[in-house]
1. Please find, among Leu63, Leu78, the residue that is in contact with a Cys (Cβ under 7 Å, 6 or more places away or on another chain) and in contact (Cβ under 8 Å) with a residue 24 or more places away in the chain.
2. Hey, can you tell me all the residues within region 106-130 that are under 21 Å from Cys64 (Cα atoms), more than 12 Å from the chain's Cα centre (by Cα) and not in a loop (DSSP other than H, G, I, E, B)?
3. Please count how many residues of region 42-74 are part of a loop (DSSP other than H, G, I, E, B) and either under 25 Å from Ser25 (Cβ atoms) or aromatic (Phe, Trp, Tyr) (or both).
4. Conditions: (1) touching a residue at least 40 places away in the same chain (Cβ under 8 Å); (2) crowded, with 16+ Cβ neighbours inside 10 Å; (3) under 18 Å from the mean Cα position of the chain (by Cα). Gly40 meets all but one. Number of the miss?
5. Could you say whether any residue in region 160-169 is closer than 30 Å to Glu19 by Cβ and free of Cβ contacts under 8 Å to residues at least 40 places away in the same chain?
6. For region 69-86, how many residues are over 13 Å from the mean Cα position of the chain (by Cα) and closer than 15 Å to Pro101 by Cβ?
7. Scan (1) out of contact with any strand residue (DSSP E or B) (no Cβ under 6 Å at 6 or more places or on another chain); (2) among the acidic types (Asp, Glu); (3) within 18 Å of Ala44 (Cα to Cα) for the single condition Asp94 breaks and write down its number.
Amino acid sequence: MSLLYGGKYDYQTKSYTFEQFLEFSNLPENKNMRFEFIYGYIYAMDSPAPNHSRIVQFIMSKLCPYLLDKKCEPFIDLGIHFKQKLRTDVLYPDIIVNCDPSRIKETHCAGTPEFILEVVSPTTYVDDYNLKKDYYLKNGAKEYWVVDHYKSQITAVTPKDTRIFTFSDTIPVGVLEDLSIDLCELSQFLESSCFAESSE
């Protein structure tokens with residue numbers, strides 16, 4: 001995730017309105033890109049590398065069967081619109097679990113879902129552990145996971161505590177009763193995947 005600057009949009013020295021963010025996002029040269037809008041600043045999102053996609057695929061393979069026919073629903077890369085006093089922030093977590101159907105609109109999730117997960121990459125590493133963690137919890141997330149395959153660990157954060165699990169642990173999904181994910185399976189999945197040596 002890179003902070004943009006230069007030209008008409010000088011993001012390193014000034015912040016912008018939500019309307020300016022939409023204007024920028026809809027420019028023809030940006031039609032194949034995605035951007036996040038946080039505290040008035042615009043960030044360009046990188047395309048996910050193979051292991052990033054594999055991790056998202058694995059976690060969803062555990063969430064989807066459990067949530068089948070339940071009120072809560074998982075989504076990949078669905079934008080969240082956070083309505084603030086002076087602006088609307090827009091973020092695209094890798095995975096969310098939303099338990100209030102009224103939040104789901106035609107193009108986005110309006111408000112904070114119960115569970116948010118980010119998979120780190122070289123350009124998002126610091127933001128996933130700091131900026132986004134603080135932002136999501138401040139805005140009411142009940143549980144936030146940072147999946148770090150460079151360290152082979154998951155950091156699970158709630159408003160009450162922070163716990164770190166290795167890829168040899170089984171991790172409970174706190175907001176989903178009776179669901180735990182065996183991270184040994186994730187490790188085996190990454191090792192056995194085609195082109196498993198690829199990394200971000």
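1. Working: Leu63 fails: in contact with a Cys (Cβ under 7 Å, 6 or more places away or on another chain).
Residue meeting the stated conditions: Leu78.
2. Cys109
3. Residues of region 42-74 part of a loop (DSSP other than H, G, I, E, B): 45-49, 68-72.
Then drop every residue that is not either under 25 Å from Ser25 (Cβ atoms) or aromatic (Phe, Trp, Tyr) (or both), which leaves 45-49.
Summing the residues that are part of a loop (DSSP other than H, G, I, E, B) and either under 25 Å from Ser25 (Cβ atoms) or aromatic (Phe, Trp, Tyr) (or both) in region 42-74 gives 5.
4. (3) is the only condition that Gly40 fails.
5. If we filter region 160-169 for residues that are closer than 30 Å to Glu19 by Cβ, which is where we start, we get none.
Looking through region 160-169, none of the residues is closer than 30 Å to Glu19 by Cβ and free of Cβ contacts under 8 Å to residues at least 40 places away in the same chain.
6. Within region 69-86, residues that are over 13 Å from the mean Cα position of the chain (by Cα) and closer than 15 Å to Pro101 by Cβ number 5.
7. Just one mismatch for Asp94, condition (1).
Each row is one residue, and each column tells you yes or no for (1) within 24 Å of Gln188 (Cα to Cα); (2) surrounded by 15 or more Cβ atoms within 10 Å (Cβ to Cβ); (3) in the same structural domain as Arg34 (by TED's automatic domain parsing).
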position	(1), (2), (3)
Leu86	no, no, no
Ile104	no, yes, no
Pro122	yes, no, no
Lys132	no, yes, no
His149	yes, yes, no
Arg163	yes, no, no
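The values are calculated or read from the model by the stated rules, or taken from the named source; none is laboratory data. This structure is a prediction, so every number in the text was calculated from the model and none was measured. Using ideal geometry, Cβ is built from the backbone for each residue, glycine included, and neighbour counts are taken over all protein chains shown.
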